Structure formats: C-alpha cells, structure tokens
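Presented below is the structure to which this report refers.
The values are calculated or read from the model by the stated rules, or taken from the named source; none is laboratory data. Just so we're clear, the structure is a prediction, and the values are computed from it rather than from any experiment. With ideal geometry, Cβ positions are generated from the backbone for all residues, glycine too; neighbour counts draw on all protein chains shown.
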Amino acid sequence: MRKIYYQYDPQRRVYRRVFPTVGQRLASWFWRLLLSVLLGGVFFIIYWFMISTPQVGDLMEENSRLQSQYRVLSRKVDDALLVLHDIEERDDNLYRVILEADPVPEVVRQAGFNGTNRYAELMDMSNAELVVNTSQKVDMLEKKLYMQSRSFDEVIELSREQENKLACIPAIQPVSNKDLKRTASGYGYRTDPIYHVRTFHHGMDFACDTGTPVYATGNGKVVFAKWQSGFGNLVEIDHGYGYKTRYAHLSKIMVKVGQNVVRGEEIALAGSTGKSTGPHVHYEIWIGNKDVNPVNYYFMDLDADQYEEMINLAENHGKIFD
Ligand SMILES: [Zn+2]
C-alpha cells in the first residue's frame, strides 16, 4: 500500500497532502535501508563479542578442556616412551648380552618411522601442532612396542636354546668325588706310566675302584660304545654344539650307540681295560676336532651332596614308563 504524506501549513493551520517525486521516494527507501543494515551490523558485533549464546560458551569451554587433556595425554605418552626406552636398553645391554646376541639395530627399532607426512589432514586444525605431535608420538609408541615385543619373542627363544646348550655342554666330573681315590691326573705333557717317555695326555684320569659308576657329564647321544685299541672299553657321547666326551678303560659299558643320555646318568663302570696301569676313568672333552683341558668343564661345581642328588635325579632317566 502506498503511503500518503501530509505537510502542516502553519499559516492556514491545515494539513496539506504532498505528492513526493519518485526520486524522493527512492532516496527515502535508500536511507532507511542503509540505517537498517548499520543497525543490524552493530547488533551483530555486540552479539558476537559480548553476548554469545550459551551453546557457543559451552563449546568454547569444552574446547579448552580438550586442549588441556590433550596436553596431559601428550605428557603421558612422553612418559610411556621413556619407560619403553628403558626396556629397550635393558633388552640390548642385559638380556642380549647374557645370551650373546647382537643388539636390535636402531633402524629396526624405529620400524621405518619417518618419511611421508601421514598427518597432513590434521594440519588444518587449530592447535595442529599439539595434535600432530601427540599423534606422531602415539604412532611411534605403538610401533616401538610391537618391535620390542618381537625382540622379546627372540630373547625367549634364545634363552630356551641357551638352557638346552647349558644342559648339553659337559659340566661335571664323570666320577663322583666320594668314589675318587686320588686327585685326577691332569691334561697335558707327562711321563707315560708304561713307556716312561714324555707324551701328551689328551684327557684327565680319575683313579677309582673297578666297578665305580661313570656318569655322562652332559646331555647327549651315545655315538661309540665298544672296545677300542688302547682305550679298552670306550664310550663316546656327542653333546651337540660341537662338544663330545670320551670315557675309557671301562670294565662294563651300560649304554648302546644311538641312546640319549642326560647329565648324571650312569653310562658305565670304571675298570682298567686297554693300555692301563690300574683302575681309573680316562676322560676326554673334544670341541670339533680338538681336545681341550677338561679341568675347565666342572663349572657346575657341585659339592658331594649336590652331586649325589643330581645322580639320583638322573637315575630316573630311561625308567619313565610313559
Ligand atoms: Zn688317561
């Protein structure tokens, strides 16, 4: 509806109708529109900076809470990485040293953690640095944990292997101390008791009565069990890992070739067969093709009671019926 305009005429004291031109009407509309826009702008600014709806306030508060939680999380990830680093150090410098294994190379520990930026989509966020940094650290933690877990699998496998190796390598005397008559005669050059010339003695002699039990000095398999010139009745055990032991001048052999024996198992009785001046056990240790001094292979260092106990334990070997 068109507006009707009046103007007061003070001389005639009447209202007179006026007819504004199109230009005047347009100008009037323009000024009103401008005023509305300005007022709108002012109210918008006031609203934006001062009033702010309750929802926006809540979101802002939540955002700042999330930020501080993110910082706490980031610090906790730092702590976890430190603990993991300590575990890695122990793995390399303790477990792997004991087991004579190489440390895990740093490249493997990092598990290819570098190269392409996988966090590009996070860079658009406000607080991108904190978020990207924390994400990177969590990823690193995850990868390092995985590598550490694999390393421990290897350590467990190595320690099993080591346990088996320790059970196989000769580590006790073939004759119990209580049965020994004299200190064993040693390895090395000595005057031959029969030919009276200096010859090399490749083993150790344990003087004892004929019929004294002779024990396997480590787990292994019997590879020789019969008469051999010079040695008389001879038993040879292959312990694996390059180790072999020989027990000579026996009065009786109690094992067969191919038989598995354990440390402390009775394999023969002492005697004086072959080239011998009296009852004793001649004991040799070989590593590959070389004989070594057996004196270094009694490191289980058992006292008489412990030795007895071990022999009793070994007696049950082969008598299990399952
Ligand atoms: Zn000898």
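When the residues of the stretch 209-222 are narrowed to those that are part of a strand (DSSP E or B) and of a type outside the set (F, W, Y), which ends up nearest to the ligand (Cβ to nearest atom)? It would help to see each step written out before you state the result.
Applying the first criterion (part of a strand (DSSP E or B)) to the stretch 209-222 yields 213-215, 220-222.
From what is left, the residues that are of a type outside the set (F, W, Y) are 213-214, 220-222.
Numbers: P213: 18, V214: 14, G220: 21, K221: 24, V222: 20 Å.
Filtering the stretch 209-222 for residues that are part of a strand (DSSP E or B) and of a type outside the set (F, W, Y), the one nearest to the ligand (Cβ to nearest atom) comes out as V214.
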Hey, D9 in contact with a Lys or Arg (Cβ under 9 Å, 6 or more places away or on another chain) and at pLDDT below 90 or not
yes
All conditions in (1) farther than 19 Å from I172 by Cα; (2) modelled with pLDDT of 95 or more are true of D238 except (1)
Determine whether T245 is in a loop (DSSP other than H, G, I, E, B), touching a helix residue (DSSP H, G or I) at 6+ places or on another chain (Cβ under 9 Å) and either closer than 18 Å to P294 by Cα or not basic (K, R) (or both).
no
Which members of the stretch 267-286 meet the condition of being part of a strand (DSSP E or B) and either out of contact with any Lys or Arg (no Cβ under 8 Å at 6 or more places or on another chain) or within 12 Å of the ligand (Cβ to nearest atom) (or both)?
I267, A270, H280, V281, H282, Y283, E284
Check off (1) within 29 Å of K165 (Cβ to Cβ); (2) of a type outside the set (D, E, K, R); (3) assigned to a strand (DSSP E or B) for Y189 and give me the number that stays unchecked.
(1)
When you scan the stretch 86-107, do you find a residue that is of a type in the set (A, V, I, L, M), surrounded by fewer than 10 Cβ atoms within 10 Å (Cβ to Cβ) and under 28 Å from E129 (Cα atoms), even just one?
yes
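Quick check on my filter: what residues within the stretch 230-259 are basic (K, R) and more than 41 Å from the chain's Cα centre (by Cα)?
Selection gives K252, K256.
Pick from the stretch 154-208 the residues that are aromatic (F, W, Y) and surrounded by fewer than 18 Cβ atoms within 10 Å (Cβ to Cβ): which of them is nearest to the ligand (Cβ to nearest atom)?
Going through the qualifying residues, I end up with F200.
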